[in-house]
1. May I ask you to list the residues in region 72-97 that are open to solvent by 60 Å² or more (accessible area, probe 1.4 Å) and among the acidic types (Asp, Glu)?
2. Considering only region 85-107, state which residues are assigned to a loop (DSSP other than H, G, I, E, B), under 22 Å from Thr53 (Cβ atoms) and without any contact (Cβ under 8 Å) to a residue 24 or more places away in the chain.
3. Checking Ile101 against (1) surrounded by fewer than 16 Cβ atoms within 10 Å (Cβ to Cβ); (2) touching an Asp or Glu at 6+ places or on another chain (Cβ under 7 Å), only one condition comes out false. Which one?
4. Among the candidates Leu162, Leu109, Leu103, single out the residue that is hydrophobic (A, V, I, L, M, F, W, C) and at pLDDT 95 or above.
5. Exactly one of these conditions fails for Asp150: (1) open to solvent by 80 Å² or more (accessible area, probe 1.4 Å); (2) in a helix (DSSP H, G or I); (3) under 19 Å from Met20 (Cβ atoms). Give me its number.
6. Taking Asn131, is it surrounded by 12 or more Cβ atoms within 10 Å (Cβ to Cβ) and more than 24 Å from Glu17 (Cβ to Cβ)?
7. I need a count of the residues in region 49-65 that are over 17 Å from the mean Cα position of the chain (by Cα) and not in a helix (DSSP H, G or I).
8. Please indicate, with yes or no, whether at least one residue in region 128-138 is of a type in the set (Val, Ile, Thr) and free of Cβ contacts under 8 Å to residues at least 24 places away in the same chain.
Amino acid sequence: MGNDNSREAESTPEVAEFRMISGCQDSQTSADVSNVNEFELPDPAGRAGGACTSALLKVLYHDEKTPEDTYSFVEVLKMMRDDLSEGEYTQVPQLTSSTIIDLNEPFDLVPEKSTGTRRAVLVGINYVGMNGELSGCHNDVYNIKKYIMDVHGFEEENIVMLVDDGECEMPTRENMMNAYKWLVESSEAGDAVFTHFSGKSESVCFD
């Protein structure tokens, strides 16, 4: 009986806390920035970048430095929206959470209780050589990578980069699914997981 209970406890999955910042409302499209220098960001992979990523990094990693003040979730979102509005971008970044959170709490990419290994999957797709080719997604992932390593202690060996730039592994469906599978299978209670996607998307309705 004790062994059965032990096996049942071992098979019970950990309940993870999930938070997502998306670039716009469901009815909107997230725009590209023709020059990330508008947001005072570096341009390691060309001049362009995603508007949402650029606004987020301007708030949290301006001039590759963290802010002196501590911002709440509300303040980060408001500053992102203000920066986008100043650039005449109409999109409105959104915050989604799997649990109820106090939006006045300090914003942190990695919760204090996550003291284990930090892993990330970063996907940037410019759709090189295709109709509707984008230009800012490579910059997004390289700038985000530098931010999470410099500020949040993510290590190179625990970051998977999927970018169609000829340097990284290609962001095919199979490679993306394998990367997410690696995140799930490798992570344990107390670990932190970060994912970033920059590319095109579709709205899907579920009944």
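1. Hits for region 72-97 are Glu75, Asp82, Glu86, Glu88.
2. Once the filter is applied, which keeps residues that are assigned to a loop (DSSP other than H, G, I, E, B), under 22 Å from Thr53 (Cβ atoms) and without any contact (Cβ under 8 Å) to a residue 24 or more places away in the chain, region 85-107 yields only Glu88.
3. Just one mismatch for Ile101, condition (2).
4. Working: Leu109 fails: at pLDDT 95 or above; Leu103 fails: at pLDDT 95 or above.
None of the others qualify; the one that does is Leu162.
5. (3)
6. Details: surrounded by 12 or more Cβ atoms within 10 Å (Cβ to Cβ): no; more than 24 Å from Glu17 (Cβ to Cβ): yes.
Criteria not met by Asn131.
7. Number of matching residues: 1.
8. If we filter region 128-138 for residues that are of a type in the set (Val, Ile, Thr), which is where we start, we get 128.
Imposing the further condition that a residue be free of Cβ contacts under 8 Å to residues at least 24 places away in the same chain reduces the set to none.
So far as region 128-138 goes, no, none of its residues is of a type in the set (Val, Ile, Thr) and free of Cβ contacts under 8 Å to residues at least 24 places away in the same chain.
The values are calculated or read from the model by the stated rules, or taken from the named source; none is laboratory data. What you see is a predicted model, and the numbers here were worked out from it, not measured in a lab. Every residue, glycine among them, receives a Cβ derived from its backbone with ideal geometry; neighbour counts consider all protein chains shown. Keep in mind that these areas ignore ligands, DNA and RNA; they rest on the heavy atoms of the full protein, side chains included. Shrake-Rupley method; radii C 1.70, N 1.55, O 1.52, S 1.80 Å.
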